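The values are calculated or read from the model by the stated rules, or taken from the named source; none is laboratory data. The structure displayed is predicted, hence computed values, not measured ones. Ideal geometry is used to build each Cβ from the backbone, glycine not excepted, and the neighbour counts take in all protein chains shown.
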């Protein structure tokens, strides 16, 4: 039986110097293996939720496939020590994967463990589409909607979120996981399966922006990335190469744009006046 994403755990809380017994809901974390043609490609520690999205999204952001249709079969297999996402690919994709086979051993805090070369760690991402323009009000509205879409974090205070927001449909999809990379992979899978247009919206992150988050954003094709925390310097350089508008430290009082500010436009004065009159 697949574990639940969160479980109650007994604990003793100390407040004002005094102990009290009770429970705390904690996120579950299990090894999840990605296998293609019965050969393990990667093992990640992740939340046991949205596993189909995880399989599809990881396959896309890792470049194993270019669309969900290239995955012929997907089976979720419970193993004694974890979960296996067992996939069969189209023959041409299987052959390409065999030619560049590499093994990863990932953990929730790192998305690059096991990569075989320094070049792979800082590989040049694909350029993203120009996409839509957004104004400050829209950036603020998008980041303000993120907390309400995080039920697991409200229960545990211990997971990350990745979400996709558009000006017309608002919060289109959101995924949570103990690993920020896993959350983004799950979001990518959900977007691909629903046919969402990556160029139409914004990627929202509840975490810091490390380089692999920018690389995955580029692989997903989202041109604007907004995070509540800061990016690393390397993430900024890679975002510049991909043509991504990278926004960090997005809070109630504003945000900071680190790359490609041309997609962010001032609020239209006429629209502002109409809104105030209404």
Hits in region 209-225 (condition: in contact with a strand residue (DSSP E or B) (Cβ under 7 Å, 6 or more places away or on another chain) and under 22 Å from residue 158 (Cβ atoms)): 209, 213
Lone qualifier among 40, 35 - being surrounded by 12 or more Cβ atoms within 10 Å (Cβ to Cβ), under 12 Å from residue 89 (Cβ atoms) and out of contact with any helix residue (DSSP H, G or I) (no Cβ under 6 Å at 6 or more places or on another chain): 35
Residue list for region 170-199, restricted to those being touching a residue at least 40 places away in the same chain (Cβ under 8 Å) and surrounded by fewer than 19 Cβ atoms within 10 Å (Cβ to Cβ): 193, 199
Residue within region 28-38 that is outside the structural domain of residue 160 (by TED's automatic domain parsing), in contact with a strand residue (DSSP E or B) (Cβ under 6 Å, 6 or more places away or on another chain) and without any contact (Cβ under 8 Å) to a residue 12 or more places away in the chain present: no
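Residues are listed down the side, and each one gets a yes or a no for (1) more than 13 Å from residue 162 (Cβ to Cβ); (2) assigned to a helix (DSSP H, G or I):
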site: 191; (1), (2): no, yes
site: 204; (1), (2): no, no
site: 213; (1), (2): no, yes
site: 225; (1), (2): no, no
site: 235; (1), (2): yes, yes
site: 246; (1), (2): yes, no
Matching option when the condition is under 14 Å from the mean Cα position of the chain (by Cα) and either crowded, with 18+ Cβ neighbours inside 10 Å or in contact (Cβ under 8 Å) with a residue 40 or more places away in the chain (or both), among 227, 155: 227
Region 51-64, residues that are in contact with a strand residue (DSSP E or B) (Cβ under 6 Å, 6 or more places away or on another chain) and either surrounded by fewer than 22 Cβ atoms within 10 Å (Cβ to Cβ) or in the same structural domain as residue 195 (by TED's automatic domain parsing) (or both): 51
Filter result for residue 185 (touching a helix residue (DSSP H, G or I) at 6+ places or on another chain (Cβ under 9 Å), over 20 Å from residue 61 (Cβ atoms) and modelled with pLDDT of 95 or more): no
Tally, over region 230-268, of residues that are surrounded by fewer than 15 Cβ atoms within 10 Å (Cβ to Cβ) and under 14 Å from residue 142 (Cβ atoms): 3
Hey, residue 221 crowded, with 24+ Cβ neighbours inside 10 Å and either more than 10 Å from the chain's Cα centre (by Cα) or touching a residue at least 24 places away in the same chain (Cβ under 8 Å) (or both) or not: no
Search result, residues across region 124-183 that are in a loop (DSSP other than H, G, I, E, B) and more than 23 Å from residue 210 (Cα to Cα): 132, 133, 167, 168, 169
